[in-house]
Each structure stands twice: as C-alpha cells, then as structure tokens.
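Worksheet: the structure to be examined is printed underneath.
The values are calculated or read from the model by the stated rules, or taken from the named source; none is laboratory data. Keep in mind it's a predicted model, so treat the numbers as computed, not measured. In this analysis, Cβ positions are derived from the backbone assuming ideal geometry, glycine residues included, and neighbour counts consider all displayed protein chains. When the accessible area is computed, the model is the full protein with side chains, heavy atoms only, and any ligands, DNA or RNA have been set aside. Shrake-Rupley method; radii C 1.70, N 1.55, O 1.52, S 1.80 Å.
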Amino acid sequence: MLRNTVSSIAKRAYSSQPVISVSKPVDGFVGAVGNTPLIRLNRLSKETGSNIYAKAEFMNPGGSVKDRAALFVVKDAEEKGLIKPGGTVVEGTAGNTGIGLAHVCRAKGYKCVIYMPNTQSQEKIDLLRMLGAEVYPVPAVAFDNPENYNHQAARHAQRLENAVWTNQFDNTANRRAHIETTGPEIWKQLDGHVDGFTCSTGTGGTLGGIARYLKEKSNHKTKIFLADPPGSVLYSYIKSGGTLIERGGSSITEGIGQGRVTENLKPDIELIDDALQIPDAESLKMIYRLLDEEGIYVGASSALNVVAAVEMAKKLGPNKNIVTILCDGAYRYQSRLFSKKWIESKGLTDAIPEHLKKYATLD
C-alpha cells in the first residue's frame, strides 16, 4: 500500500468526479512563470511502490525550468541598477536559459545576445533566433579556456553600453528563484510530505535552491540526491566527499553536467545526501517509456531525472513521495532523439525496447 497521506493530487487520479481548478489571470509572460503542475507518474509509481512525482516545468510559458532563472537574473540586474530600459542582456547558455531570457527580454523591452556551444540542437538555436535573440554558436571548450562560451558572453557585455552579463552559473539569483518559487510549490503541492528530491544540475540553481528549501522546511528529513550524466564530475565529487573530481565519457544530454562546483551549488552542496550516475542508455529508454506509458514528451535531461527518481525510490524503500523535474519538452531535441540514424550513431539502438522503436520515426 502506498502511504495513506498522499497528496490531493494523487487522490484526484482515482476520483470519478472531475476536479476543476482555475487560477486567476496573470500579468504578461512574467506573471505566467511558475506554478507548474506536479504530475504523478502512474506506471513508475506502481512499479516502485512509491509515488514518483515530476514537476512539469515544460509547462512554463517559455517551455522550460530555466524560465524561472531567466526571470530572476534579469530582475536581479534591474534591482541592482545594472541595466536600464532599452539595454542588452547577454548570457552564455546551452539553450534553455537563453530561450527564457529571450522571452523575458521581449516582454521587458531589452535586447538579448546569446553565446552557446555549437554542440547544442539546431532546434534551440533556431528558436532563439525566432525570438529575436542575437545568437553566437561557438566551439565547445572547457570552462578554464578563455574561449569558453561563458567568457565570450562576459566580454561581449563589457564591450556594450547599458548591457549586463547575467552569469547564470555563478549568479545566485538563479538559486534564489528556486528557494522562493519551485521549492515552496513542491512543498505545498504535497502538503509537506516530501521524502526525496532528485534532479540533475547544470548551473546548480535548481538542485541547490530546491534542496535548501526542502531541507529547511522538513527539518532535514527530506533526502536530496544529485543525478549526473556521464562526463560530469559532480557524481565523483559527492561520492568522494569532495576530494575527487573525475570526468569520463560524454553524454547525449544537453545543459546538464559540470566540470566544477558553481556558486549556485556551493552553498547547498553539504545538503546532498547521495549521488546517482545515470547511463545514456537508461535516459533514452525512459524518454520512450514516458511517451508510451504516460503520454509525456520530454527531453533527455528530464528522462535522466525520472530514472534517478526511480533509483532513489528503490534506495529509500516503499511508501515514499519522490519528486523530480521535467525540464523541457522533447520538441527541442526531436531531430536527434527520435532519429534512427542519430541513435545508431551513438550506439544506443539497443537501449530502446523493441516495442518502443516505433516512436523513432525520423531518418
């Protein structure tokens, strides 16, 4: 039996009567950021004996969890007087923060300039340009290289009048977005019954901010697991107690994984109870499972998070409420994730169960 005190959301899933919940109108794009649904993943919950919940961040108005960070780093620049009306916002991003910033900039009347690794999906580059951003895809190099996309973004902002580099990786306004919005939403949606939270990290803002809020509200009873893709150093860092930084391999995921502990993650790193490293094969399989079993169409980072939530449920035992993040939709990566040729080029054809290969419809 699952816990008797499951949230009202879970109860509704078994109710024969429709429940209508209508929110009040909001003020523009900015007002629509946040307050996303918390979805119980029914098949995985049944399999694990715990409630697996996923915060539907793809339902933010800009389509990803990064809408929250984008809004808060711009508000932070405004509050500090770093940008004036008509100015330019510059950022280095793997895509989603840039997309969120492009939306926020349009809503607030700012110009937007984005530097990003040229390894990112064409869909994200195209979307940024359609949103009016000036986009510079540059070679993907390590953070300690002066040509890293973040450093190029910083230099670009310095060359302009009335411009700000929002510095999402080390600007803790990013983390604050999740302390003030995402964490409280999760806590309220589950009436305070949050046994575990897990997600991957790129900037560290989402994991750090939510971890801080949930730990403090639960009197440190909520467990926090970091989920990491291959090629990131954070798994080894957590598992070794901060003494080991090992990077090995690469991943099909975009926008997650790190080669360092960012300023957004640093204040909360001691709150992380454990770390999970999720193979690409498991993430890809989960993309297809979520589509087939739940009707949910998400990208590889979201799928990795769900795999981690399942693993966390196994580690913590039955009758728990485990929460993770659905970062964005798969439409930003569909030319890769649903391409038979691309999947084969990554050596991942066998990762997809035979009955799910029907969804790989692109050549």
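A few remarks follow.
- Residues of segment 282-325 satisfying the condition of being among the basic types (Lys, Arg) and either in contact with an Asp or Glu (Cβ under 7 Å, 6 or more places away or on another chain) or over 20 Å from residue 214 (Cα atoms) (or both): 285, 289, 314, 320
- Residue 228 fulfils the conditions (1) open to solvent by 30 Å² or more (accessible area, probe 1.4 Å); (2) acidic (Asp, Glu); (3) touching a residue at least 40 places away in the same chain (Cβ under 8 Å) except for a single criterion, (1).
- If you filter segment 159-202 down to residues that are among the aromatic types (Phe, Trp, Tyr) and not in a loop (DSSP other than H, G, I, E, B), you find that the one that is surrounded by the fewest Cβ atoms within 10 Å (Cβ to Cβ) is 187.
- In segment 42-54, the residues that are free of Cβ contacts under 8 Å to residues at least 60 places away in the same chain reach residues that are surrounded by 24 or more Cβ atoms within 10 Å (Cβ to Cβ) and not in a helix (DSSP H, G or I) with C-beta atoms within less than 6 angstrom, at least six apart or across chains, in these pairs: 45/51; 45/52.
- Flag for residue 251 being part of a helix (DSSP H, G or I) and surrounded by 18 or more Cβ atoms within 10 Å (Cβ to Cβ): no
- For segment 260-348, the helices (runs of 4 or more DSSP H) that sit wholly inside it and include 1 or more residues that are of a type outside the set (S, T, N, Q) and more than 26 Å from residue 194 (Cα to Cα) are 280-289, 334-337, 340-345.
- Residue in segment 143-153 that is of a type in the set (S, T, N, Q), under 18 Å from residue 34 (Cα atoms) and modelled with pLDDT of 95 or more present: no
- Once segment 82-138 is narrowed to residues that are assigned to a helix (DSSP H, G or I) and among the acidic types (Asp, Glu), the residue that is surrounded by the most Cβ atoms within 10 Å (Cβ to Cβ) is 123.
- Within segment 277-289, the set of residues being of a type outside the set (Phe, Trp, Tyr) and either touching a Lys or Arg at 6+ places or on another chain (Cβ under 9 Å) or open to solvent by 10 Å² or more (accessible area, probe 1.4 Å) (or both) comprises 277, 279, 280, 281, 282, 284, 285, 286, 289.
- Per this entry, residue 268 is not counted among residues that are surrounded by 18 or more Cβ atoms within 10 Å (Cβ to Cβ), touching a Pro at 6+ places or on another chain (Cβ under 8 Å) and on the phi < 0 side of the Ramachandran plot.
- Here residue 24 does not qualify as among the basic types (Lys, Arg), at pLDDT 95 or above and not in a helix (DSSP H, G or I).
For every residue, the table says whether it meets (1) of a type in the set (A, V, I, L, M); (2) touching a Pro at 6+ places or on another chain (Cβ under 9 Å); (3) under 30 Å from residue 144 (Cβ atoms).
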{"position": "272", "(1), (2), (3)": "yes, no, yes"}
{"position": "278", "(1), (2), (3)": "yes, yes, yes"}
{"position": "285", "(1), (2), (3)": "no, yes, no"}
{"position": "294", "(1), (2), (3)": "no, no, no"}
{"position": "343", "(1), (2), (3)": "yes, no, no"}
{"position": "353", "(1), (2), (3)": "no, no, no"}
{"position": "363", "(1), (2), (3)": "no, no, no"}
